[in-house]
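For reference, the structure is listed below as structure tokens.
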Amino acid sequence: MKKANKVLAMLLSAAMVASLAACGGGSGSQTTTTAAPAAEETTTAAPAAEETTAAPADETAGGAEEGGYTSLDWAAIDAMDYDEACEMIYDAVLGDFSNAYAAAKEETGAKRMAMMALAEAKLLESGAFLPIYTSGGNYSFSRVVPRTNAATTLWGLDEYRYHTLLVTNELIKSEDRTHLLTLWNEAATADDYRAAAKEYLEGKGYTFADTYVVSNGYNVNIWDTIATSYTSDSMFISGTYDNLLEYDAKGVQQPGLAESYEVSDDGTVYTFHIRKGVKWVDQQGTEIGEVTADDWVASMEHLLDNADALGYLLTNTDGCGLLNFTAYLNGEITDFTQVGVKAVDDYTLEYTLEAPFAPFTTMLGYACFAPLNRDFYRSQGGTFSCEGETYTPGDFGKTPANIAYCGPYLITNFTAQNTTRYEANPTYWNFDAINTPNLVYSFNDGSDVLRAYNEAKEGTISGCGINSSALELMKTETTTAADGTEGTYFDLFSYVSSGAGTTYCGWWNVNRGTWANYDNPDVGVSPKTEDDIARTREAMVNQHFRLALSEAFDKGSYNAVSVGDELKLARLRNSYTPGTFGFLPEDVTVDINGTATDFAAGTAYGVIEQAQLDADGVKITVWDPNGDSGAGSGDGFDGWYNVDNAKAELDMAIAELAQVGVEVSAENPIYIDYPYGSYSEISTKMANVVKQSIEGALDGKVIINLIEFQKDTDEESATYRFSKGNEGNFDLSTGSGWGPDYGDAQSYLDTIQPYGYMCKNLGLW
């Protein structure tokens, strides 16, 4: 599930990829047995915390400097207000990042992106947390031609707009898929790639299908896209309407219902010119009106009546800061005309922000920017509270018959927990772009672990991910490919699915405040003595100590427990923001440690991160220029785990800690509490990997206490479902991850700012 593709997910140990809602709730988890390769697996999201700036540190708590190493004055910190104490610890642990990030946010364009990457390098150097893996990275086979829709865009809902997909009648061979990815890398535009892909495949004997069949386990609860934040709803609705702009298969935003737009000189007013002649139709295809600028005004009025959906993306704390949106939502103003959306005329739409927000247009793929036909909404009994009415949606959104359509598809049949069928909308303004005129969602609850595999073999569905049960069959069952080649399904067709936007991490608690569960003091009790607690506390605020722990953590072996040795590296991630999250739009020069450094247009975010890490002499690798078939990647390898580096970092930590009276040795180790669920065999094995790898690499000078939880709810209370950072009952947790809301690294990095949402995993706020 995802809420606008922002993710704070609890890793359920038994499943490795399942997730829980953070604050918005969800309708379940999608499993790899039913996931179609063309759609990335998603999880549930939570609104980001308010971005604030840390208050100046109280110099009296700065500690004493002895021999070049500064220790925090814990007595002074303990006497502080909780927020002030968090600010002091944050500044000690993440001050370099925070300063660099503040400077980056002042920039625009290519320089902004480059400086964000430099700031993130400082974040990684802090060792405050360890990026571990993303979703994806499992074996799959499919008839879907890769990257023929917006699946590589890691935010928004465009990935669920399937009308541009190319789908073959035959399973695509692994070697052909690899060649197609090369064609994608070489193509200048999305249209160029589709043409090249089609020519190549036809030359190999493939034929093209007119239907894409997606297997999934989602239940749709509402068809009103503006009133929901759940993937389980949004993916079913996304093809029924168009956006102002839409990402193409090369990750470039193209004109949609807006033919063009301009931005004011001060960066606060966006004026969109609406495409003329676009029709609204009902489920039967009967025309009911024309798309006009007022459709986005009506949409905003309806959104404000459902602000618990995606409204947070428009607030001035968690999102773009649409003019007066937050004030109206809070009741500080009551005149909707003061909110920053306006129909200047029938074909001119204007959004006004409270301050410049560079990533604004990257948000336009979310349902909070979907159009709403006012007349049809009212015909369903819908009302708007901003017009003085008691709000009710009436029947709007109850069924596919109770919505209006202006997108590529009409829904022709819906049967809950069975089949949903779509057909091309004959009035669609861009009808020629529809490559797959028929779309089918086939429900699969996952109870039959071989169903998706068998249906994909037979062609009943277009493809699927492969679970461990199916993998054994895939490696033994034989068939014949389109070109006449014979072999096993695995040898002929398997590939490893690409990673998603969510980054799951190991979090080092630098401000632990409890040594038993906050909601049940009899559960999760730490075996540490008071002296152990004090020594761990001092060690955890030492940068070299945290880096030693991170570089001693064998991520590959940890991941292998759930996916096997073959794929243990496939979904590993080495930075918080994916290395391919952005590419410079133009040449840029930035300062790295006093040296003017040039980066060319097209340079990946991860390349710039790596440059700062290298300049600082930090032995972490976050970018492999040869990854992803030569395109370069920050995923698919372990750029942190290195026993020699871990030992060197620990030696530096030991020397510094000795200066403040903390001895670290095999005879007097630092104890780290790591919770795990003994109810899960996988969780237990993963916990033992953590213990063995860190203790082994650090020669027993660090001991991992495995804290057993027999109930998943108790484990969640310790590692996930706590509201304040000092309630987290762990020194190390591997339970939470984050994914982006929009196309800017700020969507990740804001969560590690003071009071940021993910800071609670560090024991802060």
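The values are calculated or read from the model by the stated rules, or taken from the named source; none is laboratory data. Remember, predicted model here, so these are calculated numbers, not experimental data. Here the Cβ is made from the backbone with ideal geometry for all residues, glycine too, and neighbour counts use every protein chain on show.
With the structure loaded, tell me whether Tyr641 is surrounded by 16 or more Cβ atoms within 10 Å (Cβ to Cβ), in a loop (DSSP other than H, G, I, E, B) and at pLDDT 95 or above or whether it fails that test. Step through it out loud before you land on a result.
Numbers: surrounded by 16 or more Cβ atoms within 10 Å (Cβ to Cβ): yes; in a loop (DSSP other than H, G, I, E, B): yes; at pLDDT 95 or above: yes.
So Tyr641 passes the test.
Taking the criterion of being within 22 Å of Gly137 (Cβ to Cβ) and touching a residue at least 24 places away in the same chain (Cβ under 8 Å), would at least one residue in region 586-604 satisfy it?
Yes - at least one qualifying residue is present in region 586-604.
List pairs: first residue in region 653-682 and of a type in the set (S, T, N, Q), second residue assigned to a loop (DSSP other than H, G, I, E, B) and crowded, with 18+ Cβ neighbours inside 10 Å anywhere in the structure, Cβ distance under 8 angstrom, at least six positions apart or on different chains.
Gln659/Ser71; Ser665/Lys701; Ser680/Ser13
Looking at Arg194, Arg143, Arg161, Arg177, which is the one that is touching a helix residue (DSSP H, G or I) at 6+ places or on another chain (Cβ under 9 Å), under 30 Å from Pro359 (Cβ atoms) and either touching a residue at least 24 places away in the same chain (Cβ under 8 Å) or not assigned by TED's automatic domain parsing to the domain that holds Thr427 (or both)?
Exactly one residue qualifies, and that residue is Arg161.
Take Ala648 and tell me if it is within 22 Å of the chain's Cα centre (by Cα) and outside the structural domain of Lys250 (by TED's automatic domain parsing).
The answer is no for Ala648.
What helices (runs of 4 or more DSSP H) lie completely within region 491-578 and have 1 or more residues being β-branched (Val, Ile, Thr) and farther than 30 Å from Arg177 by Cβ?
Values: elements: 530-540, 543-552, 555-563.
Output list reads 530-540.
If Ser497 meets every condition in (1) in contact with a helix residue (DSSP H, G or I) (Cβ under 8 Å, 6 or more places away or on another chain); (2) touching a residue at least 24 places away in the same chain (Cβ under 8 Å) apart from one, which number is that one?
The number of the failed condition is (1).
Across region 601-622, what is the total count of residues that are closer than 18 Å to Glu107 by Cβ and surrounded by fewer than 15 Cβ atoms within 10 Å (Cβ to Cβ)?
Total satisfying the criteria: 1.
Somewhere in region 339-359, is a residue of a type in the set (Phe, Trp, Tyr), under 20 Å from Ile274 (Cβ atoms) and in the same structural domain as Glu290 (by TED's automatic domain parsing)?
Within region 339-359, one or more residues are of a type in the set (Phe, Trp, Tyr), under 20 Å from Ile274 (Cβ atoms) and in the same structural domain as Glu290 (by TED's automatic domain parsing).
Identify the single condition in (1) assigned by TED's automatic domain parsing to the domain that holds Thr182; (2) crowded, with 22+ Cβ neighbours inside 10 Å; (3) part of a loop (DSSP other than H, G, I, E, B) that Asp242 does not satisfy, given that it satisfies every other one.
Unmet for Asp242, out of (1) assigned by TED's automatic domain parsing to the domain that holds Thr182; (2) crowded, with 22+ Cβ neighbours inside 10 Å; (3) part of a loop (DSSP other than H, G, I, E, B): (1).
Taking the stated definitions as given, is Asn221 closer than 21 Å to Ala307 by Cα, in contact (Cβ under 8 Å) with a residue 60 or more places away in the chain and surrounded by fewer than 20 Cβ atoms within 10 Å (Cβ to Cβ)?
Details: closer than 21 Å to Ala307 by Cα: yes; in contact (Cβ under 8 Å) with a residue 60 or more places away in the chain: yes; surrounded by fewer than 20 Cβ atoms within 10 Å (Cβ to Cβ): yes.
Yes, satisfied.
Being touching a Leu at 6+ places or on another chain (Cβ under 8 Å) and part of a helix (DSSP H, G or I) is the filter; apply it to region 153-179 and report the residue that is surrounded by the fewest Cβ atoms within 10 Å (Cβ to Cβ).
Ser174
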